[in-house]
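A short worksheet on the structure shown next.
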Amino acid sequence: MGDRAGIIDAMSDASLHVFDRPGRAWLAFAGLLALASVLARAWPAAALDWQPALALAEPWRWWTAAWVHGSRAHLMLNVGGAVLVGAVGWAAQLPSSAALAWALAWPLTQLGWLLGPPLAHFFGLSGVLHAGIAVLAVHLVFDAKGLQRWIGCGLLLGLALKLALEHPFGPVLRPSPALGVAVAPWSHFCGAVAGLAAATLIHVRAGWRQCRADATPTPTRARRS
């Protein structure tokens, strides 16, 4: 009986710490976004998409709006983007705190629609993917060394250039015949800002906790005479 309890305790401990290994939590979160986007096609878009008028009455839309896509091409592009961002984060061995920052930026991306141009309905994963790229870049800039840090700087510059070329403060929707849906650059901008804010918050929090730990004196054991 004791051996069985020990095995159960060991399995529980392993399951709790499985995402502590670098890259795993990030990859799992990217997989969640991709899989949920595929499964969401079984539900009516109007029940899941972002509608500012229902933001408080139906709060699940802060999350589910990212899973809704207007065409198969739109879905395939964003699912592919989620797989790519997940793979890059796994290769960079991002810690679980980076995945936490990405998860925090997920609903914050929709917040921009309450502050920006009016739009009765919105859907798509691209804004959250931009948030993930921003989180990835911030982590590489602050926590990586050597070549990875330069890659992080390149990602930030590339992201800023992409957003500038898209003119997010211009027309709200831009036609995209290849996708079969209109593109909303404002969502990309909001996602990037949410990702930068969430990643910076997590980074500052981690630094503050480290400073507190360093300032705490280590207790010394009394020697027996």
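The values are calculated or read from the model by the stated rules, or taken from the named source; none is laboratory data. Quick caveat, the model's predicted, so the values are computed rather than measured. No Cβ is skipped: glycine too gets one built from the backbone with ideal geometry, and neighbour counts run over all protein chains shown. Just so you know, the surface numbers come from the protein's heavy atoms only, side chains and all, with ligands and any DNA or RNA stripped out. Shrake-Rupley method; radii C 1.70, N 1.55, O 1.52, S 1.80 Å.
List every residue pair whose Cβ atoms sit under 7 Å apart, with the two residues 6 or more apart in sequence or on different chains, where the first one lies in segment 57-71 and is within 13 Å of Leu39 (Cβ to Cβ) and the second, anywhere, is among the polar types (S, T, N, Q) and part of a helix (DSSP H, G or I). From segment 57-71, the pairs are Trp67/Ser37; His69/Ser37; His69/Asn78. Restricting the search to helices (runs of 4 or more DSSP H) fully inside segment 1-65 and requiring at least 3 residues that are modelled with pLDDT of 95 or more and open to solvent by 20 Å² or more (accessible area, probe 1.4 Å) gives 24-39.
In this entry, Gly81 passes the filter for residues that are under 13 Å from Val128 (Cβ atoms) and part of a helix (DSSP H, G or I). Has segment 87-104 got at least one residue that is open to solvent by 10 Å² or more (accessible area, probe 1.4 Å), among the β-branched types (Val, Ile, Thr) and either at positive phi or in a helix (DSSP H, G or I) (or both)? There is at least one residue in segment 87-104 that is open to solvent by 10 Å² or more (accessible area, probe 1.4 Å), among the β-branched types (Val, Ile, Thr) and either at positive phi or in a helix (DSSP H, G or I) (or both).
Every test in (1) assigned to a helix (DSSP H, G or I); (2) farther than 9 Å from Ala194 by Cα; (3) of a type outside the set (S, T, N, Q); (4) open to solvent by 10 Å² or more (accessible area, probe 1.4 Å) is passed by Gly132 save one, and that test is (4). Considering segment 135-187, and only residues there that are under 19 Å from the mean Cα position of the chain (by Cα) and outside any helix (DSSP H, G or I), the residue that is modelled with the highest pLDDT turns out to be Ala184. Of all residues in segment 113-129, those being in a helix (DSSP H, G or I) and either open to solvent by 10 Å² or more (accessible area, probe 1.4 Å) or more than 22 Å from Ala30 (Cα to Cα) (or both) number 5.
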